[in-house]
Amino acid sequence: MATKNTIILAAGKGTRMKSKLYKVLHRLCGKTMVDHVLTQVEKANMTNIVTVVGYGAEAVRDNLGGRTQYVVQEKQLGTGHAVLQAEGLLGNLDGVTMVVSGDTPLLTAQTFENLFTYHENKKAKATILTSEAPDPTGYGRIVRNDLGIVEKIVEQKDATTEEQAIHEINTGVYVFDNQALFEALHKINNNNAQGEYYLTDVIEVLKSQGETIAAYRMDDYDESMGVNDRVALARATKIMQARINRQHMQDGISMIDPERTYIDVDVKIGADTVIEPGVQLKGTTTIGNDCYIGANSEIRNSTIHDHVTVTSSLIQDSEMLDYSDIGPNSHLRPGAHIGKHVHLGNFVEVKKASIGEGTKVGHLTYVGNAKLGKNINVGCGVIFVNYDGAKKHETTVGDDAFIGSNANLIAPLEIADHSFIAAGSTINRPINKYDMAIARSRQTNKPGYYKKLPYQKD
Ligand code: UD1
Ligand code: CA
């Protein structure tokens, strides 16, 4: 059976990143570089996907999980040596094998498909994906003869001045006849400037055997860019962000300033939602239709339903139902579940708590470890005192309760529906339905006292 396989190279350390983190695990738009590559490879329907790991092998496995097979390259002796590690898994198969680096995160499944098709049409043994780089420094150059036929790839460090002037670069992606690839890999050596076994030398080997080599030149250099350092990472992030934002705008989302709007690749947004500048939508966040996400809000791994307004607030691992609103300057910490038509005003912090439909928490309030019913009014400066220094405790508040301003609710505590707490009360005993609780010292007035003050005025 003819198979279609991909080998992803991800064993290098990435010295040029100057990082504790291995290169392919650096992130852009919410995903590691190697995850972006794998995601696009998956879309192109492979029989086998093999990832070559070495430096940070465990971390790469943790990141990609069971979506790919793995082989280990113990020593990083070069890209050719890296591919050879997959011989045990793929060596005997008929068909074609694509090789792609884990550090070219912008390449798309469409480009991979085009490359496979080109390879097939040209009846080639190897097809190189190339592009025209404005600045080719650092890349391998495509050397063609007078007839325009590819002769070889030469690395920057091995290139003559003449070769360095070539702008057509090797993107690091190739499709090979599978068996020809592994046979040729046994014939390359490491006599070059870096003392490495270069995958690129396979081209010369096949060429010398009289095989057909093709080169598919893609139009968009940006898509092919390799990320070797942080400058390139920032550039790739910008390109990917522009791509993501353009798609959302085409799908009916308004962005006031798309260049200052930061949305991770897996975020979903409904039509007619408006997003102001400086917003960051991260991870698995989903935003519904007709929402307004105000300037500088950050929403991580959360679900926001329809017609929700978020004004300059931070939302983490939480959910907001239809027509609720929050902010400015409020914070939903993990486990906040906000019901329909709930109003959360400014400087409100909610953690591990559910708030029922129509309830209002207007100002300067902390709600932690609590269940609030419907249509409750929480006054200004209320504190759900949930922590005794050792443990967290829970508070429940029934529907239609009224909690006066500056109340302290000491958990564990049950406050029945239709009850009333007077402002300034510190409450630590249950309150029954229709009761009012007041727990503050009584006011005393001293008649005429003002006149005894040394600074009194008439
Ligand atoms: C490589 C190509 C170059 C091309 C460029 C495109 C070679 C010799 N050069 O250069 O022609 O223009 O990519 O971006 O192939 N890796 C391993 N094991 C190793 C060495 C590298 O797994 O022993 C992996 C790295 O993790 C990386 C990929 O292979 O994901 C490419 O290696 P890198 O060192 O970045 O190669 P470049 O110098 O960019
Ligand atoms: Ca590279």
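The values are calculated or read from the model by the stated rules, or taken from the named source; none is laboratory data. Source: prediction; values computed, not measured. Quick reminder, even Gly has a Cβ in these numbers, built from the backbone with ideal geometry, and neighbours come from all protein chains shown. The area values use the complete protein model at the heavy-atom level, side chains included, leaving out ligands, DNA and RNA. Shrake-Rupley method; radii C 1.70, N 1.55, O 1.52, S 1.80 Å.
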Could you tell me whether G148 is at positive phi, away from ligand 2 (no atom under 14 Å from the Cβ) and not aliphatic (A, V, I, L, M)?
-> yes
Within the stretch 118-163, the count of residues that are touching a strand residue (DSSP E or B) at 6+ places or on another chain (Cβ under 6 Å) and β-branched (V, I, T) comes to 8
With the checklist (1) closer than 25 Å to K18 by Cα; (2) hydroxyl-bearing (S, T, Y); (3) over 33 Å from the mean Cα position of the chain (by Cα) in hand, flag the one item T161 doesn't pass.
-> (1)
Filtered residues of the stretch 241-256 (kept if exposed (fewer than 13 other Cβ atoms within 10 Å of the Cβ) and assigned to a loop (DSSP other than H, G, I, E, B)) = D251, G252
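How about the stretch 164-179: which of its residues are in a helix (DSSP H, G or I) and surrounded by fewer than 16 Cβ atoms within 10 Å (Cβ to Cβ)?
If we filter the stretch 164-179 for residues that are in a helix (DSSP H, G or I), which is where we start, we get 164, 178-179.
Matches in the stretch 164-179: Q164 only.
Only one of these is touching a Ser or Thr at 6+ places or on another chain (Cβ under 6 Å), within 12 Å of ligand 1 (Cβ to nearest atom) and either of a type in the set (D, E, K, R) or outside the structural domain of N114 (by TED's automatic domain parsing) (or both): E168, E196, E155. Name it.
On the way: E196 fails: touching a Ser or Thr at 6+ places or on another chain (Cβ under 6 Å); E155 fails: touching a Ser or Thr at 6+ places or on another chain (Cβ under 6 Å).
Being touching a Ser or Thr at 6+ places or on another chain (Cβ under 6 Å), within 12 Å of ligand 1 (Cβ to nearest atom) and either of a type in the set (D, E, K, R) or outside the structural domain of N114 (by TED's automatic domain parsing) (or both) holds for just one of E168, E196, E155, which is E168.
May I ask you to say which residue of T261, T237 is hydroxyl-bearing (S, T, Y) and open to solvent by less than 10 Å² (accessible area, probe 1.4 Å)? Spell out how you get there, then give the answer.
Working: T237 fails: open to solvent by less than 10 Å² (accessible area, probe 1.4 Å).
Step by step, each of T261, T237 is checked, and only T261 is hydroxyl-bearing (S, T, Y) and open to solvent by less than 10 Å² (accessible area, probe 1.4 Å).
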For residues that are over 20 Å from N289 (Cα atoms) and open to solvent by 10 Å² or more (accessible area, probe 1.4 Å), tally how many sit in the stretch 322-341.
-> 6
Can you tell which of V274, V231, V279 is within 16 Å of ligand 1 (Cβ to nearest atom) and of a type outside the set (D, E)?
-> V231
Those residues of the stretch 371-384 that are within 35 Å of the chain's Cα centre (by Cα) and either closer than 15 Å to G345 by Cβ or in a strand (DSSP E or B) (or both) come to a total of 4
Taking only pairs six or more apart or across chains, which ones have beta-carbon atoms under 7 Å, a first residue in the stretch 165-183 that is on the phi > 0 side of the Ramachandran plot, and a second residue that is within 13 Å of ligand 1 (Cβ to nearest atom) and of a type in the set (S, T, N, Q)?
-> G172/S101; G172/T104
Of the conditions (1) open to solvent by 50 Å² or more (accessible area, probe 1.4 Å); (2) on the phi > 0 side of the Ramachandran plot, G283 fails just one. Which one is it?
-> (1)
